[in-house]
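Novice: Pasting in a structure now, in structure tokens, and then I'll have a few things to ask.
Each value in this text was obtained by applying a stated rule to the coordinates, not by laboratory testing. A quick note: this is a predicted structure, and the numbers were derived from the prediction, not measured. Backbone-built Cβ (ideal geometry, glycine too); neighbour counts: all protein chains shown.
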Amino acid sequence: MERVTIPLSVGASPGQKTTAVIVSLASLVLLTVAAWIFFGPAAAAADDLPHEFGQLHVLVQGAFCLVAAVLTGMLAILLLRAFRSAARLTGTVLEVRGALETRRADLATAPVRLDSRAAGPAGDSAAPTGWRIPLLIAGADPDRPVTLRLRDLAGTLLPSPELHALAAAVESGTRQEAHAASAAEAAALLRRLADDPLARML
């Protein structure tokens, strides 16, 4: 198969990236204001408080530092996910880039299967909404598979040409008999998702 690179529509849209930046900046402003309250000139008055209240103030400062560290980490992951998450198909090699790492698998030879997980109000939360996110899972290592969401971050199924390209990559090679059936089933399901309007609505 010719090694043509096809970007897959799984990353954040410009609007989602803008939202991630605005939320992060607003959160950092609030953290800065809170830090000034807890550690600025007003905090110096705590030195004049009775010993018990002084200890309470120190505990509150410690709790704020912990919350600030957790929130900063969450904001970093949000920004990394918004600006790094992407996927592409180069020939038969699927490359999925996440917030912290990039994984690759050759769909022509690797074990391939389709699975799904329940989608929540924000797309990935635990609370089910009645629809599911289909996943293409490839790779021989069950602990480090290459997992491709077949819906974008807004919940829209990948365009039909991209699903057909994934199916063609899966069908283009040969693999061990133990994995051949699941790969053939995955390719058939990919084509069904691409062509069947009802399947695209699930």
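Novice: In whole angstrom, note down how far apart the Cα centers of the range 23-37 and the range 80-117 are.
Specialist: Taking the Cα centre of each part, the range 23-37 and the range 80-117 sit 35 Å apart.
Novice: To continue, here is another question. Counting Lys and Arg as +1 and Asp and Glu as -1, what is the net charge of the other residues whose Cβ lies under 11 Å from the Cβ of Ala108?
Specialist: Neighbourhood net charge equals -1.
Novice: Considering the Cα positions of the range 64-111, please state its Rg to one decimal place and its Dmax as a whole number of Å.
Specialist: Answer for the range 64-111, Rg first and Dmax second: 15.7, 51 Å.
Novice: Over the range 53-108, what is the mean sequence separation of C-alpha contacts under 8 Å (at least six apart), divided by residue count, expressed as relative contact order in percent?
Specialist: Relative contact order, the range 53-108: 21 percent.
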